[in-house]
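Accompanying notes for the structure given below.
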Amino acid sequence: MIQFDRFVLDNGLRVLVHEDPSTPMAVVNVMYDVGARDENPAQTGFAHLFEHLMFGGSVNIKDYDEPLQRAGGENNAYTTNDLTNYYCQLPAQNIETAFWLESDRMLSLAFGEKSLATQRKVVCEEFKEHYINKPYGDVWHKMRSLAYTVHPYRWMTIGKELSHVENAKIDDVKNFFFKHYRPVNAILVVAGNVKLEQVKRLAEKWFGPIEMGKKYERQLPVEPLQTEARKLEVEANVPLDAFVKTWHMDARLSPGYYAADLLTEILGGGAASRLYQTLVKEKQYFSSIDCYHFGSLDSGLVAVDGKLVKGVSMETAVKAVDEEIEKLKASKIEAKELQKVINRTESVIAFEDMSVMSRASSIALYELLGDASMMNTEFQKYQAIGIDDIHAYANKIFDNNNSNTLLYHAQ
């Protein structure tokens, strides 16, 4: 059970405090309720660009990293399609440094043409290196635009196309910042060797004066139910043929999410999983194969993705995957197999909660989902999934009309 206290500043900033006197460290985590799904379809990649801009200096602080390192701290950030998260860890006695740094960049970034030009270049290089020039780099660009027709999950966090970030203007960037990176759209989690009263005082001092901003109300287009199978074949200069197939699954807060999570473990959770045992070890059709989902907050995708062994035809590989899926739909799994994946899930949840940094980020995520205390009942939702639920859900999502197949041929 993870204990925490919660209070809200007058400007709408939600603050959660998790006291852990067993560590000499403190973590300051700021999660913003903005991700790639909140971008204008003609200006994608902005949420990710901001992750870079947020380290490029703020109103009163030229360089974020230097004062934090002097205080013995380290920091990082990540952006997904759903959210943006910044976190730093430092000795607890220096915690005010983190409040000063984080509040200043929430107050306002140093919006200069120079800073924008620098970070724009960094992001463009990243786009080229990982998504254009790298073998298989465009797989998920292609798959997302195949699987989604209207929902903004149809582009990746890096952006839909390079030109969107290349052409980002200072005014567009400023507008995006003041729309999303405001106290009312943020969650501050402070964890570690801290006291509630101390955090209240520091939060009020450093974040209290920042203008609230306008609450961002999300109104995203809902992806219509897919009614026929989609398929795309491409040829590229890659070493091996690759196969990716996806199916639409339920959103993060629905019971179907937990069934989908367990199904991906049964099919592709490591060397003991069904796909690996049959298609890599026994039949040797694939050199590697995996089944997973993205944990998306809106309706996401379950994916099977693998690299074929040289000489195996795409037709043979596709048929073999389909057969494994059909087996799962045709007969119920045994209680032992379900228990095994539930145990694995329990150990993953327990392992995630071991470090104070992970706990802080979990508290922030569940607060973003609606209530941080849900993190303490998460495992019970997995335990509530039975053999019949798994069978029914497999038959619901692994419907051919709900599938998207990408056949990626080596030239």
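The values are calculated or read from the model by the stated rules, or taken from the named source; none is laboratory data. The model shown is predicted, which means the values in this text are computed figures rather than measured ones. For neighbour counting, all protein chains shown are included, and Cβ atoms are generated from backbone atoms with ideal geometry for every residue, glycine included.
State whether the residues of segment 63-74 include one that is closer than 22 Å to Met374 by Cβ and outside the structural domain of Ser299 (by TED's automatic domain parsing).
If we filter segment 63-74 for residues that are closer than 22 Å to Met374 by Cβ, which is where we start, we get none.
No.
Looking at the structure I just gave you, is Tyr32 surrounded by fewer than 22 Cβ atoms within 10 Å (Cβ to Cβ) and either over 30 Å from Ala350 (Cβ atoms) or of a type in the set (Ser, Thr, Tyr) (or both)?
So Tyr32 fails the test.
Scan segment 262-298 residue by residue and report those that are assigned to a helix (DSSP H, G or I) and among the hydrophobic types (A, V, I, L, M, F, W, C).
Answer for segment 262-298, where residues must be assigned to a helix (DSSP H, G or I) and among the hydrophobic types (A, V, I, L, M, F, W, C): Leu262, Leu263, Ile266, Leu267, Leu275, Leu279, Val280.
Residue-wise test of (1) outside the structural domain of Glu378 (by TED's automatic domain parsing); (2) under 21 Å from Ala317 (Cα atoms); (3) under 25 Å from the mean Cα position of the chain (by Cα); (4) at pLDDT 95 or above.
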site: Glu217; (1), (2), (3), (4): yes, no, yes, no
site: Leu225; (1), (2), (3), (4): yes, no, yes, yes
site: Ala242; (1), (2), (3), (4): no, yes, yes, yes
site: Thr246; (1), (2), (3), (4): no, yes, yes, yes
site: Met249; (1), (2), (3), (4): no, no, yes, yes
site: Asp261; (1), (2), (3), (4): no, no, yes, yes
site: Ile266; (1), (2), (3), (4): no, yes, yes, yes
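Among the residues of segment 256-269, write down those that are in contact with a helix residue (DSSP H, G or I) (Cβ under 8 Å, 6 or more places away or on another chain) and without any contact (Cβ under 8 Å) to a residue 40 or more places away in the chain.
In the first step, residues of segment 256-269 are kept if they are in contact with a helix residue (DSSP H, G or I) (Cβ under 8 Å, 6 or more places away or on another chain); the result is 256, 258-263, 265-269.
Matches in segment 256-269: Gly268 only.
Does segment 120-142 contain at least one residue that is of a type in the set (Ser, Thr, Tyr) and under 29 Å from Ala186 (Cα atoms)? Don't jump to the end; show me each part of the working.
Let us first name the residues in segment 120-142 that are of a type in the set (Ser, Thr, Tyr), namely 131, 136.
Next cut, under 29 Å from Ala186 (Cα atoms) only: none.
For segment 120-142, residues of a type in the set (Ser, Thr, Tyr) and under 29 Å from Ala186 (Cα atoms): absent.
Counting only residues that are polar (S, T, N, Q) and out of contact with any strand residue (DSSP E or B) (no Cβ under 9 Å at 6 or more places or on another chain), which one in segment 147-195 is farthest from Tyr216 (Cα to Cα)?
Ser163
Please go through segment 217-235 and give me each residue that is more than 23 Å from Ile397 (Cα to Cα) and either without any contact (Cβ under 8 Å) to a residue 60 or more places away in the chain or surrounded by 15 or more Cβ atoms within 10 Å (Cβ to Cβ) (or both), ordered by number.
Within segment 217-235, the first condition is being more than 23 Å from Ile397 (Cα to Cα), and the residues that meet it are 217-219, 234-235.
The answer is Glu217, Gln219.
Residue by residue, here is whether (1) small (Gly, Ala, Ser); (2) at pLDDT 95 or above; (3) part of a loop (DSSP other than H, G, I, E, B) holds:
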{"position": "Glu346", "(1), (2), (3)": "no, no, no"}
{"position": "Ile349", "(1), (2), (3)": "no, no, no"}
{"position": "Met354", "(1), (2), (3)": "no, no, yes"}
{"position": "Ser362", "(1), (2), (3)": "yes, yes, no"}
{"position": "Leu365", "(1), (2), (3)": "no, yes, no"}
{"position": "Leu368", "(1), (2), (3)": "no, yes, no"}
{"position": "Ser373", "(1), (2), (3)": "yes, yes, no"}
{"position": "Tyr382", "(1), (2), (3)": "no, yes, no"}
{"position": "Asp389", "(1), (2), (3)": "no, yes, no"}
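Considering each of Lys332, Lys307, Lys396, Lys327 in turn, give the residue that is more than 30 Å from Ile2 (Cβ to Cβ), of a type in the set (D, E, K, R) and buried (at least 19 other Cβ atoms within 10 Å of the Cβ).
Within the list Lys332, Lys307, Lys396, Lys327, the selection yields Lys307.
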